[in-house]
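The values are calculated or read from the model by the stated rules, or taken from the named source; none is laboratory data. Just so you know, these numbers come straight off a predicted model, no measurement behind them. Note: ideal-geometry Cβ built from the backbone for every residue, glycine included; neighbour counts use all protein chains shown. Ligands, DNA and RNA are stripped out before the accessible areas are found, and what is left, the full protein with its side chains, is counted by its heavy atoms. Shrake-Rupley method; radii C 1.70, N 1.55, O 1.52, S 1.80 Å.
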Amino acid sequence: MDEMEDELKCPVCGSFYREPIILPCSHNICLACARNILVQTPDAESPQSSRASGSGISDYDYLDLDKMSLYSEADSGYGSYGGFVSAPTTPCQKSPNGVRVFPPAVPQPASQHHLLPQPACLAPIPRNACLTCPQCHRSLILDERGLRGFPKNRVLEGVVDRYQQSKAAALKCQLCEKSPREATAMCEQCDVFYCEPCRLRCHPPRGPLAKHRLVPPAQGRISRRASPRKISTCTEHELENLSMYCVQCKTPVCYQCLEEGKHGTHEVKALGAMWKLHKGQLSQALNGLSDRATEAKEFLVQLRNTVQHIQENGVEFEACLVAQCDALIDALNRRKAQLLARVNKEHEHKLKVVRDQISHCTVKLRQTTGLMEYCLEVIKENDPSGFLQISDALIRRVLMTESQWGKGTLTPRMTSDFDLTLDSAPLLQTIHQLDFVQMKGTGVPNEVCGRALKSNSSSSSSVPAAPMLQLEECCTENNSATLSWKQPPLSTIAVDGYILELDDGDGGPFREVYVGAETICTVDGLHYNSTYKSRVKAFNGSGVGQYSKTLIMQTSEAGLPPCDMQSIGSAWFTFDPASAHPDIIFSNDNLTVTCNSYDDRVAMGNTAFSRGVHYWEMTLDRYDNHPDPAFGVARGDVLKDVMLGKDDKAWAMYVDNNRSWFMHNNSHTNRTDGGISKGSTIGVLLDFTRGIIIFLINDEQQGPVAFEGLEGLYYPAISLNRNVQVTLHTGLPIPDFYTPGEVEPNGAMC
């Protein structure tokens, strides 16, 4: 039960809930804390569409609660949402658990919050009082009933009482003058805790006090709060008991609510029947979540065993490496330190990845277990109306938490094997070239030390690595293209020659244009004003290696100098299944993508850009439940399991149905009104002549220039979840409103 304690604490005061009320967003808050964070708004800010404080909210409103935009109105877009007015700008403070809230008008010592009962009306509530939920930062204007319009969460209050009773520390006597002793009894009529000496002295069992009832301290504390919750009354009609349940409004109602016609056209069912139905639904949802928690516990055991294996294999690998290096006398010793550093780096990287996954999974499991224990306590509650007030929200939370344990969450991100092979056979004069040879996936067994080291007789037994294109030497001039490449710096595998391939300049298949040992080639006779894709691979006696990265080059328009960019169109490319997250689903010849996960997943284009001006568009074929897809560019090693722009390898714009933000390295800037819907078109303009990115929505520029100072190699990229489907359109002309900057004399676009 310790793990559900976070569910029982107020997000404002950080202490256990006292007289909790239910906000329209389904979050809870102490009644006294709600009064403390009230602020007054101007009359003009009163929203036309705001609901009264005690009424329900629509399904659309609930969907907004899951948005990531919750922290900064200024630059990240975090704040209140449609249908509710944001609270006025007021200096904020942090509660004990780190939640930002607005300060109370009159500060009160924290110690007084739980020593004395907090009356419901300490001062009159100001006109147009505004209450902001400290958890989702949703704001709303209170009606004339004030805080009385919010229903009390009697189920939560009962769970808190039971939890405190099970964890109760010794209660102290309230009449001891110095060093209060442990209380032994509580008088229900006097409402005072007594130690044994004070009870005999101040509360003798005779006279008028003989009729008083003395109970144990823990029972007395519970009885203080039990009496106000015996009768469930309607928030609209305080003298009427709740007897029915409105299916459309999802709330218990009384007989008078039905008589007045407020729910006259709604479907109404018996309170007891709906109580049993929702209890069954919550129990059924918990069964699935319980299975996920069991799998997570087993997965954590597996990860801890992996840590042990990595430790053992790392020590074993070091021992083998040292033995080989020492056998190569003095020349090998100079190289040994560098190789050990490589091994240790691999060792630490594996440990870090697994430990990070353990930490992430442990936190997630703790939250899941806490929610399970809280839900089990809620199911024990015998108050139907109180249970139905929170059952819908709890069922959604349980189902959402279960979905977060989806595909990939319980899969190890790192193996315990060290896939490094040491080539130690060459002659002594080649020791200065000694390096690790990556043998993973070649089918060669690791037989030395039973695990990681392999002594090869000849480095020529492996195919060459993929060549590296030297972008600074690649260029176009008129209808000719020059390409340059080299082998990776650390490669020691012999190369007999290279094969250069180009497509037909119109998105057709690749064809060989050069085979030989040279590392630079100029291809003449290409079409003017065409975009060519090029790639190169190396070969030797063992076979042909992998292709290099694909390079896009643009020839000049006939009759124009190479630097004239006004008529240059954009390159053709598609999404790349090989580099995308496994959850991404491809169709339409890799031009259409969606996802089978609720979490954001990244897909990238199959070509990279480093020069020129490029423009592509994406059409939203499906857009459900207000997600936040992100569009932009990324490096090749960008994280694939988070929203695009969360790390420092991506530059993106994420957008919802109302507004957009630019994001890089998890920094949110330039919130701009105007969102997307099904059928919207998002354009990305990447100009290396100026080093900038511009985003468009439905052919209109969205916000200012998004990012500046871009240089290097970038891939088109997108992040989305299962609620979004996007189709890519490439080979488009540069938009008419945009004038490219000055380019290099060779006019290269690559």
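Structure summary
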| item | result |
| --- | --- |
| Potential extension, Cys190-Thr619 segment - 0.36 nm per residue separation minus Cα distance | 147.3 nm |
| Estimated distance in nm for a label pair at Gln284 and Asn665, the labels positioned 7 Å out from Cα along Cα-to-Cβ | 5.0 |
| Dipole of region 271-350, positive direction: furthest Cα of Leu340, Val301, Leu282, with charges on the beta-carbon | Leu282 |
| Subset of Lys279/Lys380; Lys152/Lys276; Lys276/Lys380; Lys250/Lys364 violating a 19 Å alpha-carbon distance limit | Lys152/Lys276; Lys250/Lys364 |
| Per residue value of the accessible surface for region 161-212 (all protein chains in place, 1.4 Å probe), Å² | 65 |
| Two-site label geometry, Asn382 and Arg413: point separation in nm, points 7 Å out along Cα→Cβ | 4.9 |
| Most to least accessible of Ile682, Ile520 (protein chains only, probe 1.4 Å) | Ile520, Ile682 |
| Probe 1.4 Å, all protein chains present, accessible-area order of Lys250, Lys211, Lys345, largest first | Lys211, Lys345, Lys250 |
| Given charges at Cβ of Lys, Arg, Asp, Glu: region 621-750 dipole, positive-most of Tyr715, Gly691, Gln701 | Tyr715 |
| Rounded, prolate or oblate (a/c below 1.5 giving rounded, otherwise prolate when a/b exceeds b/c) for region 302-394 by Cα gyration tensor | prolate |
| Stretch gain in nm, segment Tyr255-Leu300, where the contour uses 0.36 nm per residue and the Cα spacing is subtracted | 10.9 nm |
| Sites Lys178 and Arg366 - FRET efficiency at Förster radius 35 Å, r taken between beta-carbons, to 0.05 | 0.25 |
| Sulfur and carbon atoms: percent of accessible area, region 638-750 [1.4 Å] | 42 |
| Percent carbon-and-sulfur accessible area, region 187-319, ignoring ligands, DNA and RNA, probe 1.4 Å | 52 |
| Heavy atoms of Thr235 accessible to a 1.4 Å probe, total area in Å² rounded to 10 | 50 |
| Theoretical FRET efficiency, 1/(1+(r/R0)^6), r = Cβ-Cβ of Gln164 and Met468, R0 60 Å, to 0.05 | 0.40 |
| Region 632-733 - charge dipole about Cα centre, Lys and Arg +1 at Cβ, Asp and Glu -1, debye rounded to 20 | 260 |
| Surface accessible to a 1.4 Å probe, per residue, for the residues of region 295-423, Å² | 49 |
| Rounded to the nearest 10 Å², the accessible area of Tyr738 at probe 1.4 Å | 20 |
| Average accessible surface area per residue within region 589-683, 1.4 Å rolling probe, Å² | 32 |
| Linear extension gain, Ala517 paired with Gln338, 0.36 nm per residue minus alpha-carbon span | 61.3 nm |
